[in-house]
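Just passing along the structure, written as structure tokens.
What follows is calculated from the coordinates using simple rules that are stated; it is not laboratory data. Nothing here was measured: the structure is a model prediction, and the numbers come from that model. Cβ sites come from the backbone with ideal geometry, for glycine too, and all protein chains shown count toward neighbours.
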Amino acid sequence: GQSLEQPSEVTAVEGAIVQINCTYQTSGFYGLSWYQQHDGGAPTFLSYNALDGLEETGRFSSFLSRSDSYGYLLLQELQMKDSASYFCAVRDQTGFQKLVFGTGTRLLVSP
Amino acid sequence: DTAVSQTPKYLVTQMGNDKSIKCEQNLGHDTMYWYKQDSKKFLKIMFSYNNKELIINETVPNRFSPKSPDKAHLNLHINSLELGDSAVYFCASSQDVGYTFGSGTRLTVV
């Protein structure tokens, strides 16, 4: 089976940098994704890492270490609108047809 | 133009009733999904369809029956609703690595 662990909550202030960690156990690995979900909203795709290293997309970056079964999402220059839940997700051995989500991290950004 | 649209957005119904949720995507994606998000925000896959064919049925009770009339539509019918079915149900579609989710259907069973 698969399991993904994330911290349940992270708090930070506007303008700060925050890192949300994700450790995973999966049979077969086809990349680590990150999704953002605001309260009452839909999950939205942020990033995908198939290979080790850092992927940067604007203020958000995502990192993967396959040997450590570990990844993180880095959010820079935090804004109030970044307050949301963040989920890491992996595909299992079936490939593209099944995305398994982590437990989610609630990020609270304060002024 | 909404990429993945679900209806209804809210559904309040009594135990034992039967209800349906509809989903349509205009992205041309081949694969569609139903996910259930519980009160603790845990997102769990229920079904996956690829080009109208059922690919994944994640040990969901057979009271839940998905139907895909074509690759742009994936509906979910639920029979004999139970209190534990209360959750937010998300439809999603994908072609590559990123999933596009619908806005969700909040189902409340009373």
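Within the stretch A:11-26, find all residues whose amide N lies under 14 Å from a label point positioned 7 Å from the Cα of A:Met80 along Cα-to-beta-carbon.
Taking a point 7 Å out along Cα→Cβ of A:Met80, the residues of the stretch A:11-26 whose backbone N falls under 14 Å are A:13-15.
Counting alpha carbon pairs within less than 8 Å and at least 6 residues apart, what relative contact order, in whole percent, applies to chain A?
Across chain A, relative contact order equals 37 percent.
Which of the pairs B:Lys9/B:Lys36; A:Lys81/B:Lys44; B:Lys41/B:Lys71 have their Cα atoms more than 20 Å apart in this structure?
As for pairs spanning more than 20 Å Cα to Cα, those are A:Lys81/B:Lys44; B:Lys41/B:Lys71.
Also, I was wondering about something else. Can you sort A:Leu73, A:Leu51, B:Leu11 from fewest to most other Cβ atoms within 10 Å of each residue's own Cβ? Walk me through the numbers before you get to the answer.
Values: A:Leu73 26, A:Leu51 8, B:Leu11 19.
Exposure proxy ranking, most exposed first: A:Leu51, B:Leu11, A:Leu73.
Taking the protein assembly as shown on its own, what percent of its Cα-Cα pair distances exceed 33 Å? Intermediate results must be reported in sequence, preceding the final value.
On the way: 3893 of 24310 pairs.
Across the protein assembly as shown, Cα pairs with separations above 33 Å total 16 percent.
Considering only A:Thr103, A:Leu64, A:Ser33, whose Cα is most displaced toward the positive end of the charge dipole of the stretch A:18-111, charges sitting on Cβ of Lys, Arg (+1) and Asp, Glu (-1)?
Result: A:Thr103, furthest along the dipole toward the positive end.
Of the DSSP beta bridges with both residues in chain B, give the percent that are antiparallel, rounding to the nearest 5.
Around 90 percent antiparallel, to the nearest 5.
Hey, another quick one. Run the dipole for chain A about the Cα centre, Lys and Arg Cβ at +1, Asp and Glu Cβ at -1, nothing else charged, and hand back the magnitude in debye, nearest 20. Write out the running numbers ahead of the final one.
Values: 6 positive and 11 negative charges, 53 e Å.
It works out to roughly 260 debye.
Roughly how many debye, to the nearest 20, is the charge dipole of the stretch A:62-111 about its Cα centre, given +1 on each Lys and Arg Cβ, -1 on each Asp and Glu Cβ, and no other charges?
On the way: 5 positive and 4 negative charges, 33 e Å.
The calculation lands at about 160 debye.
What distance in nm separates the simple spin-label points at A:Ala16 and A:Ala50, each placed 7 Å from Cα in the Cβ direction?
The answer from the label model is 3.6 nm.
Next question, about the same structure. Can you give me the relative contact order of chain B as a percent, contacts being Cα pairs under 8 Å and 6 or more apart?
After rounding, I find 37 percent.
Based on the Cα coordinates of the stretch A:42-94, what is the per residue volume of their convex hull in Å³?
Spelled out: Cα convex hull of the stretch A:42-94, divided by residues, is 98 Å³.
In debye to the nearest 20, how big a dipole does chain B give about its Cα centre with +1 on each Lys and Arg Cβ and -1 on each Asp and Glu Cβ? Please report the intermediate quantities before stating the final value.
On the way: 12 positive and 11 negative charges, 62 e Å.
That gives chain B a dipole magnitude of about 300 debye.
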